Amino acid sequence: MSGDIRVVVADDQALLRGSFRVLIENEPGLTVVGEAATGREAVDVAAREHPDVVLMDVRMPEMDGIEATRRICGSPDMSGTHVLILTMFDLDAYVYDALRAGAGGFLLKDTPPADLLTGVRVVASGEGLLAPSVTRRLIEEFARGPEREPRPPNHALERAGITDRERQVLTLIARGLTNSEIAERLRLSVPTVKTHVSHLLTKLDSRDRAQLVILAYETGLVSAGSR
């Protein structure tokens, strides 16, 4: 069906790939259009099939999931493809780098099947899969990790024309709040919050909410431990 969410499954373990394929293809509205056993294959299959979502393992031979994510998300020809990272550990040292490379979120490999299917749908919509607890762990990892790149100056948000209200929304996104929770906190309607989020994505040239979270911390708008 043309309306199905098209998925590529990338994992070096054939058993896991097969399990994910069966799970996804038994879910109405989802279909698997390709598989990959290496990061390089994932890039090639994504370039050929233009899926909505690539379910990407972090550690694979030839090219790891981070570099594969960077190539997929950095290609103008694959601008409609979102990457959902799979990892064994919620504090995997590679997760932060994968999000910076353009991934829309991540899930643990032992995530309940229903949650994985929901995650595929969420990432396909461009919402970004970052629950509050996940956001907190990512920020803790970022705060104590080694220096990766110089922080952009705080006035980067001003240069982008971010309004005071948009700053408020971005701050709450960075703390892991959903649109409904942001609407309640700021006493706005959900459609209004969605409009602000859309403006933020456009002004800050971000693919999804995951990228907004990373940018909010790297520009110093919020910091680890802030509330």
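Observations
- Among the residues of region 189-211, those that are of a type in the set (D, E, K, R), touching a residue at least 12 places away in the same chain (Cβ under 8 Å) and either part of a loop (DSSP other than H, G, I, E, B) or surrounded by fewer than 17 Cβ atoms within 10 Å (Cβ to Cβ) (or both) comprise Lys194, Lys203, Arg207, Asp208.
- Those residues of region 7-40 which are of a type in the set (Asp, Glu) and under 12 Å from Asp57 (Cα atoms), in sequence order: Asp11, Asp12, Glu35
- Flag if Val54 is in contact with a strand residue (DSSP E or B) (Cβ under 7 Å, 6 or more places away or on another chain), assigned by TED's automatic domain parsing to the domain that holds Ala103 and at pLDDT 95 or above: yes
- Failed item in (1) surrounded by fewer than 15 Cβ atoms within 10 Å (Cβ to Cβ); (2) at pLDDT 65 or above; (3) in contact with a Ser or Thr (Cβ under 9 Å, 6 or more places away or on another chain), with Asp90 passing the rest: (2)
- Candidate set: region 1-59, residues that are of a type in the set (Asp, Glu) and in a loop (DSSP other than H, G, I, E, B); chosen: the one surrounded by the fewest Cβ atoms within 10 Å (Cβ to Cβ): Asp4
The values are calculated or read from the model by the stated rules, or taken from the named source; none is laboratory data. All figures in this text were calculated on a predicted structure; none of them were measured in a lab. Methodologically, a virtual Cβ is constructed for each residue, glycine included, from the backbone with ideal geometry; neighbour enumeration extends over all protein chains shown.
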